[in-house]
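Visitor: Here it is, the structure in full.
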Amino acid sequence: MTHYQKLLKISTTAKSFYNITPKVEAAVTESGIETGLCTLFLRHTSASLVIQENADPDVLVDLANFMAKLVPESDKYIHDAEGADDMPAHIRTVLTHTSEHIPINRGYLVLGTWQGIYIWEHRQHSHLRELVIHISG
C-alpha cells in the first residue's frame, strides 16, 4: 500500500465557506494513487470541514444562517477569552466535522455531481488553517 501526505495552509478572512476541492484534487493527482482513500483532517477546533452543495451558493448562505440561529454569538458563555465568537465556533465545530473520508477511483475523488469540499470558518477574523491530506491506496 502506498501513502501520500500533504499539509495545506489555507488563509481565511472571515466567517464563511472556503472551497478547497481543487486543492484536494491536485493533491490526489500528485499522489499518483489510482484507487484508494483520501482522508482530510483540519487541525483546529473553531473551523470545520464539510462536503456540501457546490452549484447554488444560496445553500451555503442558508446553512450559515441556520447555524447562527442554532448557536448564537449573543449568548453568554463561560469561555470567552478569545472573544464573543470563540465558544460558538467551538460548538459549531462539534456539530459538524474536522475530518472527512473520500474514496478515490481512477485517480479522481468520488464526489457527487453537486458536492464540493469546504473549510467552514466559524470565527469572525482571519486565521491560517492547516489541513492534513492523507491519501492511501
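The values are calculated or read from the model by the stated rules, or taken from the named source; none is laboratory data. Quick caveat, the model's predicted, so the values are computed rather than measured. Positions of Cβ are backbone-derived with ideal geometry, glycine not excepted, and every protein chain shown enters the neighbour counts. Side chains included, ligands, DNA and RNA excluded: accessible areas come from the protein's heavy atoms. Shrake-Rupley method; radii C 1.70, N 1.55, O 1.52, S 1.80 Å.
Visitor: Below 17 Å, Cα to Cα, which lysines can K15 reach? Residues fewer than 8 away in the same chain don't count.
Guide: List returned: K69.
Visitor: While we're here: Kindly report the accessible area of region 7-85 per residue (heavy atoms of protein chains, probe 1.4 Å, no ligands, DNA or RNA), in Å².
Guide: Values: 4670 Å² over 79 residues.
With the other protein chains kept in place, region 7-85 gives 59 Å² per residue.
Visitor: If R0 is 22 Å, what FRET efficiency do you get for T39 and A81 from their C-beta distance, rounded to 0.05?
Guide: With a Förster radius of 22 Å, E is 0.10.
Visitor: Quote the charge dipole size of the chain about the Cα centre in Debye, to the nearest 20; the model charges only the Cβ of Lys and Arg (+1) and of Asp and Glu (-1).
Guide: Values: 11 positive and 16 negative charges, 64 e Å.
My answer is approximately 300 debye.
Visitor: Determine the share of the chain's accessible area contributed by carbon and sulfur atoms, expressed in whole percent, with a 1.4 angstrom probe. It would help to have the intermediate numbers written out before the result.
Guide: On the way: 4240 of 7730 Å².
Exposed carbon and sulfur together represent 55 percent of the surface.
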